[in-house]
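The values are calculated or read from the model by the stated rules, or taken from the named source; none is laboratory data. Everything numeric in this text was worked out from a predicted model, so none of it was measured. In this analysis, Cβ positions are derived from the backbone assuming ideal geometry, glycine residues included, and neighbour counts consider all displayed protein chains.
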Amino acid sequence: MSISSGKGMIRIHPTAIVDSDTDIHESVEIGPFSIVEKGVVLGAGCRIESSVRIFSGTAMGSNNRICHGAVLGCEPQDLTFSSEYSKPLTIGDDNHFKEGVNISRGVKTEAGSVIGNGNYFMGNFHAGHDCVIGHNNILGHASVLAGHVTIGDHAFISGLVAIHQFTYIGQRVMIAGCAKIVKDIPPYTIGDGNPARVSGINSVGLRRAAFPPEARKAIKLAYKRIYLSGENIQQALAGLEGEPQTAEVAEIIEFFKRSERGVTAHR
């Protein structure tokens, strides 16, 4: 079945329920038994497969694929939640949400829940309210983020990982399967364990991303000073700040300085 959007023809399965007060690009496809609520925005090329529910307050860009049974922009699992104060779920372009993914909209921050571009969410992944997820991340099967978690770019979160609320995961981080994350994980590292510890540099990820040898060496030396020199964190950071820095080392320093929960210790 196709219906006119005023711009063209949207392909909507006859069993789908789509509110008339939506902004849906003419190239969107909506599959059987899916529900798209009032006020939802769907950009060009989005593909909504079967039994998907997209709640009010959700807006997404172009070329997103939402697979069977995914739920986007649902009510936050927060005892203080009131629909009067609900904040949006905003999604960028080229994301892939596999079967059973569940992502809450915001409740306590003005921006609400925000997802960038090019992320891959494996089956049964969950993100709580007010999470911010950057670009080009891979989020493993049945991994879960509590509310207010921030993930940078190009992180790999393995399956069955649990991340505590208000935790920050830096860019190019690799989190091993079944890890329990209770503090921030600094950029370019590997987190593993229950509770997690930093087990080393994400060397494989950096090589695959074509980081030059001198950048990888600078990252390694910075973490040796922070974690293994015998200096406390403040001393190590001050020492690094007093030396010539690569962009990566400057990012590491800034990450430690702005951490509010504290940064995960070395194993």
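Worth a mention:
- Test: residue in region 200-212 that is in a loop (DSSP other than H, G, I, E, B) and polar (S, T, N, Q): yes
- Number of positions in region 149-190 that are aliphatic (A, V, I, L, M) and more than 17 Å from residue 255 (Cα to Cα): 8
- Only listed residue being farther than 25 Å from residue 89 by Cβ, surrounded by fewer than 22 Cβ atoms within 10 Å (Cβ to Cβ) and touching a His at 6+ places or on another chain (Cβ under 6 Å), chosen from 144, 182, 204, 198: 182
- A count restricted to region 223-267 and to residues that are part of a helix (DSSP H, G or I), over 13 Å from residue 186 (Cβ atoms) and of a type in the set (Ser, Thr, Tyr) stands at 0.
- Here residue 139 meets the list (1) touching a strand residue (DSSP E or B) at 6+ places or on another chain (Cβ under 6 Å); (2) closer than 22 Å to residue 93 by Cα; (3) surrounded by fewer than 22 Cβ atoms within 10 Å (Cβ to Cβ) almost entirely, failing just condition (3).
- For region 216-252, taking the residues that are small (Gly, Ala, Ser) and over 20 Å from residue 267 (Cβ atoms), the one that is surrounded by the most Cβ atoms within 10 Å (Cβ to Cβ) is identified as 218.
- Scan of region 82-97 for residues that are over 11 Å from residue 56 (Cα atoms) and touching a residue at least 40 places away in the same chain (Cβ under 8 Å), ordered by number: 92, 93
- Any hit, region 161-184, residues being within 11 Å of the chain's Cα centre (by Cα), closer than 18 Å to residue 102 by Cα and not basic (Lys, Arg): no
- Condition check for residue 158: more than 28 Å from residue 64 (Cα to Cα), in contact with a strand residue (DSSP E or B) (Cβ under 6 Å, 6 or more places away or on another chain), surrounded by fewer than 22 Cβ atoms within 10 Å (Cβ to Cβ) and not assigned by TED's automatic domain parsing to the domain that holds residue 83: no
- The listed residue being at pLDDT 95 or above and under 24 Å from residue 138 (Cβ atoms), out of 160, 221: 160
- Search result, residues across region 77-97 that are more than 16 Å from the chain's Cα centre (by Cα) and either over 20 Å from residue 17 (Cβ atoms) or not assigned by TED's automatic domain parsing to the domain that holds residue 130 (or both): 77, 78, 79, 80, 81, 82, 84, 85, 86, 87
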